[in-house]
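Mind looking over this structure? Questions follow.
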Amino acid sequence: MKEFKAQSKKLLDLVVNSIYVNREIFLRELISNASDAIDKRRFMSLTDASLDADFGIELKADKAARTLTVSDNGIGMNEKELEDCLGVIAASGTEAFKKERGKTDGEQLIGQFGVGFYAAFMVADNITVISRKAGEQSAYKWESDGVEGFDISPAERADAGTDVIIRLKADGDDESYSEFLESYRLSQLVKKYSDYIRYPIRMLTEKPIEGGAKAEETTVLNSMTPVWKKPKSELGETELDDFYKSAFRDYRAPLINISTRVEGAVDYTALLFVPSEPSFDYYTKDYKRGLSLYCNGVLIMDKCAELVPEYLGFVRGVVDTPDLALNISRETLQHDRRLVAIANGLEKKILAEFDKLLKNDREKYEKVFAQFGKALKFGAYDNFGANKDKLKDLLLYYSDADKKLVTIKEYVAKLDEKAPILYACGETTEKIAMLPQIEGARENGKDVLHFTDPVDEFIARMIEDYDGHKFENIASGADNGKTKSAEHKELLKRMEARLKGKAAVTATDKLKSYPVCLAAKGDVSLEMERIMEAMGGGVKAERVLQVNLDHPIVKSMDGMDDDKFADCVTVLYNEALIAEGYKTEPEFLSALNRLIGGASCQTENAKVCGGDKKQPRKKPAAKKAAQSATTDKPESGEAPTEGVDK
Ligand code: ADP
Ligand code: MG
């Protein structure tokens, strides 16, 4: 018996116990070797026709003997090669072949490290290799239990090629190896890892026939040509959709597919899909983004997250490249600038494709946006807006004037120079359409973008300005209407005093049929305050009650007695809260009822008018209240238990 060299022993132990995470990949490694062997023979047959054959790989399981055989009619190995290639771990005959032949011949070959073969010892306690080199007459047998060493002896083989016969380990208490004798499992593994090996991988199974005899049945397990390598002209009408459905387990056809082939510093082919809608777990932590990464048709990684930026995580697909620095197990990748180059290329390609769709097939783009617009917005906002310039022209907003989705660019095209981009925030377009402030904009012929996603306003802050046009919230306190007279100023001051610090009061010309609206001054808008609140933060907006001084209700408040004035302010403030989607204050209903009830209500018991326990008002109390209202002290007649504003 020849011993494995000392380092080899250690290395063998390493391969079997540490390099691979998934022991099922042993089959991928054996099939890859068979494919490499066939490739080598095929290259040689180009100059020596006698070496040509009907190339293929065969799998055969023998349950009684617990063996799985992987056979190929490739180049084969002679005695010396068996010793050199299989006796020395980390010696790769394939790597040597690639070096000798140069890039064009060697490019498709998979082997590189000279350890894949030994992965079979993860599942086998004995491996026998019978091989006959193409063009030579004698065959040899290599045999090893994977511990001490190996034996080589003369053998018989009818044709050139190699059989790798692995004897599976006995099943243990919590480990089963017998699964690798089952046809369904083998075909599953071939589909998963080796579907695009360019030679047929046949499985031989025995099927009982009449009279107790058995017949051999052959099934081809792999599809060989990957759809992404097929020229467009050869693709069937639904072939890409069918591929998507089966590869990504989605019964609905994708919205769009994108294929790209790049040759240059890094060569790769990619086939990408935008699903018809986000997968059910897309917005959860459980969602794993990533594209399937193939190296020469062999699956390396199911979901390689590095290939797509987070915000494009909804894109599914495959990338195939011969140019990768794989680590030795080929299960993970070295962080490699080629991978980064591919990822950058794909991001550009996807965004360019979206842009094309936006220009040429608006309807389709809107479908994509309806499903994944949130993801794009997230991309524009995330990372301190690092991607905002790439994404800002792909965002769509509902235009109040056009009653349809528009891009910021389209909106800006209608603006006068330097005019601001007006927007309004709200849960839905319907709710925004009912905001008091929007009337003024409409009256003045101004369009307003509807921001219905919480993130929209943050994006606007991030973009800052678009071609010199600044974003402006129509509910911002910025626009102060002119107070036309001293009486007006007095009125606003009186209202503000009544509000006791809940909001400042200013005049506005934004309103038409509404008397008041709520706005915020400073950096934090009402919308932002709400988002921050939901996130647990305590950032407060500085509220402003904006008042339409031309409104009859407001006009009627001039000189009103203090009790009624207080109720009016309460009702108006709460009206503004309602319009903004807030809850009303507890004192709102009783104030409203008193106003509706008018004089009769003030003399009746308060029960008739509403839920608060205030005593019916008396004239003297009202006088006192008038003083306290202007000095901003709590009103004596007011019940302290209610009417607390938070
Ligand atoms: P790698 O494939 O990375 O080179 P392996 O450990 O898988 O490493 O295989 C070692 C070497 O053994 C290969 O490079 C090849 O020269 C040889 N070899 C393995 N399997 C076969 C086969 N089926 N036919 C011919 N040569 C083989
Ligand atoms: Mg190999």
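The values are calculated or read from the model by the stated rules, or taken from the named source; none is laboratory data. Note that the structure is a prediction, hence the values are computed from the model and not measured. Backbone-built Cβ (ideal geometry, glycine too); neighbour counts: all protein chains shown. To get the accessible areas, we keep the full protein, side chains included, count just its heavy atoms, and leave off ligands, DNA and RNA. Shrake-Rupley method; radii C 1.70, N 1.55, O 1.52, S 1.80 Å.
Going by the structure shown, is residue 337 at pLDDT below 85, open to solvent by 40 Å² or more (accessible area, probe 1.4 Å) and out of contact with any Asp or Glu (no Cβ under 6 Å at 6 or more places or on another chain)?
It is true that residue 337 is at pLDDT below 85, open to solvent by 40 Å² or more (accessible area, probe 1.4 Å) and out of contact with any Asp or Glu (no Cβ under 6 Å at 6 or more places or on another chain).
Tell me which of these residue 85 doesn't satisfy, since it passes every other one: (1) open to solvent by less than 40 Å² (accessible area, probe 1.4 Å); (2) at pLDDT 75 or above; (3) within 16 Å of ligand 2 (Cβ to nearest atom); (4) out of contact with any Ser or Thr (no Cβ under 8 Å at 6 or more places or on another chain).
Going through (1) open to solvent by less than 40 Å² (accessible area, probe 1.4 Å); (2) at pLDDT 75 or above; (3) within 16 Å of ligand 2 (Cβ to nearest atom); (4) out of contact with any Ser or Thr (no Cβ under 8 Å at 6 or more places or on another chain) one by one, residue 85 breaks only (4).
Can I ask one more? Could you check residue 514 against (1) closer than 29 Å to residue 428 by Cα; (2) open to solvent by less than 10 Å² (accessible area, probe 1.4 Å); (3) hydroxyl-bearing (Ser, Thr, Tyr) and say which number it fails?
(2) is the only condition that residue 514 fails.
If you don't mind, there's one more thing I want to ask. Restricting to the stretch 25-55, what's the tally of residues that are buried (at least 19 other Cβ atoms within 10 Å of the Cβ) and not in a helix (DSSP H, G or I)?
Qualifying residue count, the stretch 25-55: 1.
Results for (1) within 18 Å of residue 456 (Cβ to Cβ); (2) modelled with pLDDT under 85; (3) open to solvent by 40 Å² or more (accessible area, probe 1.4 Å), shown as yes or no for each residue.
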{"site": "520", "(1), (2), (3)": "yes, no, no"}
{"site": "527", "(1), (2), (3)": "yes, yes, no"}
{"site": "532", "(1), (2), (3)": "yes, yes, yes"}
{"site": "541", "(1), (2), (3)": "yes, no, no"}
{"site": "550", "(1), (2), (3)": "no, no, yes"}
{"site": "554", "(1), (2), (3)": "no, no, no"}
{"site": "566", "(1), (2), (3)": "no, no, no"}
{"site": "573", "(1), (2), (3)": "no, no, no"}
{"site": "580", "(1), (2), (3)": "yes, no, no"}
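Sticking with this structure for a sec: Just the residues that are open to solvent by 40 Å² or more (accessible area, probe 1.4 Å) and of a type in the set (Phe, Trp, Tyr), please, taken from the stretch 229-284.
251, 280, 283
In the stretch 312-322, what residues are open to solvent by less than 10 Å² (accessible area, probe 1.4 Å) and either out of contact with any Cys (no Cβ under 9 Å at 6 or more places or on another chain) or closer than 29 Å to residue 369 by Cα (or both)?
312, 313, 314, 315, 317, 318, 319, 320
Then there is this: Could you tell me whether the stretch 89-105 includes any residue that is touching a strand residue (DSSP E or B) at 6+ places or on another chain (Cβ under 9 Å) and either within 16 Å of ligand 2 (Cβ to nearest atom) or closer than 18 Å to residue 28 by Cβ (or both)?
No, the conditions are met nowhere in the stretch 89-105.
Which is within 12 Å of ligand 1 (Cβ to nearest atom) and either assigned by TED's automatic domain parsing to the domain that holds residue 96 or open to solvent by less than 60 Å² (accessible area, probe 1.4 Å) (or both), of 11, 68?
Just one listed residue meets the conditions, 11.
Just give me the residues in the stretch 172-185 being surrounded by fewer than 18 Cβ atoms within 10 Å (Cβ to Cβ) and either free of Cβ contacts under 8 Å to residues at least 24 places away in the same chain or touching a helix residue (DSSP H, G or I) at 6+ places or on another chain (Cβ under 8 Å) (or both), in sequence order. Even if it seems obvious, please write down each step before you answer.
The initial filter retains those residues of the stretch 172-185 that are surrounded by fewer than 18 Cβ atoms within 10 Å (Cβ to Cβ), namely 172-176, 178-179, 181-185.
Once the filter is applied, which keeps residues that are surrounded by fewer than 18 Cβ atoms within 10 Å (Cβ to Cβ) and either free of Cβ contacts under 8 Å to residues at least 24 places away in the same chain or touching a helix residue (DSSP H, G or I) at 6+ places or on another chain (Cβ under 8 Å) (or both), the stretch 172-185 yields 172, 173, 174, 175, 176, 179, 184, 185.
Now, a different point. Quick one: would you say residue 529 is under 19 Å from residue 472 (Cα atoms), free of Cβ contacts under 8 Å to residues at least 24 places away in the same chain and of a type outside the set (Ser, Thr, Tyr)?
So residue 529 fits the description; yes.
Counting only residues that are in contact with a Gly (Cβ under 7 Å, 6 or more places away or on another chain) and closer than 20 Å to residue 31 by Cβ, which one in the stretch 134-161 is nearest to ligand 2 (Cβ to nearest atom)?
Out of the qualifying residues, it is 161.
Another question, then. For the stretch 62-73, indicate whether the set of residues that are part of a helix (DSSP H, G or I), more than 16 Å from ligand 2 (Cβ to nearest atom) and among the charged types (D, E, K, R) is non-empty. Before the answer, list the steps.
As a first pass, look at the stretch 62-73 and keep what is part of a helix (DSSP H, G or I): none.
Scanning the stretch 62-73, I find no residue that is part of a helix (DSSP H, G or I), more than 16 Å from ligand 2 (Cβ to nearest atom) and among the charged types (D, E, K, R), so the answer is no.
Restricting to the stretch 39-61, count the residues that are touching a Phe, Trp or Tyr at 6+ places or on another chain (Cβ under 7 Å) and either under 14 Å from residue 120 (Cβ atoms) or away from ligand 2 (no atom under 13 Å from the Cβ) (or both).
4
Could you identify the single residue in 117, 113 that is assigned to a loop (DSSP other than H, G, I, E, B) and either within 12 Å of ligand 1 (Cβ to nearest atom) or of a type outside the set (Ser, Thr, Tyr) (or both)?
Exactly one of 117, 113 is assigned to a loop (DSSP other than H, G, I, E, B) and either within 12 Å of ligand 1 (Cβ to nearest atom) or of a type outside the set (Ser, Thr, Tyr) (or both), namely 113.
Another question about this same structure. Where the second residue is open to solvent by less than 10 Å² (accessible area, probe 1.4 Å) and of a type in the set (Asp, Glu) and the first is over 15 Å from residue 186 (Cβ atoms) and lies in the stretch 24-39, which pairs have Cβ atoms under 8 Å and are six or more apart or on separate chains?
none
OK, next. Would you mention how many residues in the stretch 386-423 are at pLDDT 95 or above, of a type in the set (S, T, N, Q) and farther than 17 Å from residue 472 by Cβ?
1
Any idea how many residues of the stretch 408-425 are open to solvent by less than 10 Å² (accessible area, probe 1.4 Å) and not in a strand (DSSP E or B)?
2
Inside the stretch 568-596, can you point out the residues that are charged (D, E, K, R) and in contact (Cβ under 8 Å) with a residue 12 or more places away in the chain?
575, 580, 585, 587, 594
Which pairs have Cβ atoms under 7 Å, sit 6 or more apart or on different chains, and link a residue in the stretch 147-171 that is assigned by TED's automatic domain parsing to the domain that holds residue 17 and hydroxyl-bearing (Ser, Thr, Tyr) to one that is open to solvent by less than 70 Å² (accessible area, probe 1.4 Å) and in a loop (DSSP other than H, G, I, E, B)?
Close Cβ pairs (under 7 Å, with a partner that is open to solvent by less than 70 Å² (accessible area, probe 1.4 Å) and in a loop (DSSP other than H, G, I, E, B)) amount to 162/74; 162/76; 162/77.
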